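Take a look at the structure below.
The values are calculated or read from the model by the stated rules, or taken from the named source; none is laboratory data. These figures come from a predicted structure and were not determined experimentally. Here the Cβ is made from the backbone with ideal geometry for all residues, glycine too, and neighbour counts use every protein chain on show.
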Amino acid sequence: MYVCFDRDRAGEVGAEKVAGLLPQARIVRLPEEVGESADVTDFFVRLKKSRGEFLELLQQAEPLPLPLPQQSRGQSPVPNNRSEIEALKRSVRIEEIARRYLELQPNGQRFIARCPFHEDQHPSFVLYPESQSFYCFGCQAYGDVITFLMRIERLTFPEALDALRKIASPAA
Ligand SMILES: [Zn+2]
């Protein structure tokens, strides 16, 4: 489930309110050219974007911060701040992580591979280094480096963040 919001602060505050009601919701950031206070309708109408382009945008969707931070003892602290998560994501490259599991073949600006999430006979899995995301044209799996780790290692979101932290700074 996705919640689309415009780029101004008011929209984001609204998004966080919605997060309390819809735990599965994610924030989708519309591109700058959609204009101030525009919404997802403008994305299609004003910018004449296609469904495919919207799906690509969805790949970059961020999970909403939890309305109430949940810390349990004995576990390493999990960053629940979106900027910390973003910094963590920036500290690793999705293609370097994916390479540990998949045989990535360069294809222009992208990489393709046999999808690890379905029985893939030919490479349907596409990795987009520029947006640090992936999309499978076979099973429609998509996401970012966190989603990739969650799915391939069967981790929860906090566990995937933890794994990412260890990859980012192995000495820590
Ligand atoms: Zn797939």
Return yes or no: is P158 in contact (Cβ under 8 Å) with a residue 60 or more places away in the chain and either crowded, with 16+ Cβ neighbours inside 10 Å or within 16 Å of the ligand (Cβ to nearest atom) (or both)? yes
Just one listed residue, out of S91, S124, S133, is under 17 Å from the mean Cα position of the chain (by Cα), modelled with pLDDT of 95 or more and hydroxyl-bearing (S, T, Y), and it is S133
Some residue of the stretch 117-126 being touching a residue at least 60 places away in the same chain (Cβ under 8 Å), surrounded by 13 or more Cβ atoms within 10 Å (Cβ to Cβ), within 15 Å of Q59 (Cβ to Cβ) and touching a Cys at 6+ places or on another chain (Cβ under 9 Å): no
Would you check which residues across the stretch 121-137 are under 16 Å from E86 (Cα atoms) and within 12 Å of the ligand (Cβ to nearest atom) and list them? none
Checking V92 against (1) within 15 Å of the ligand (Cβ to nearest atom); (2) of a type in the set (A, V, I, L, M, F, W, C); (3) assigned to a loop (DSSP other than H, G, I, E, B), which test does it fail? (1)
Among the candidates Q140, Q109, which residue alone is within 16 Å of the ligand (Cβ to nearest atom) and surrounded by fewer than 16 Cβ atoms within 10 Å (Cβ to Cβ)? Q140
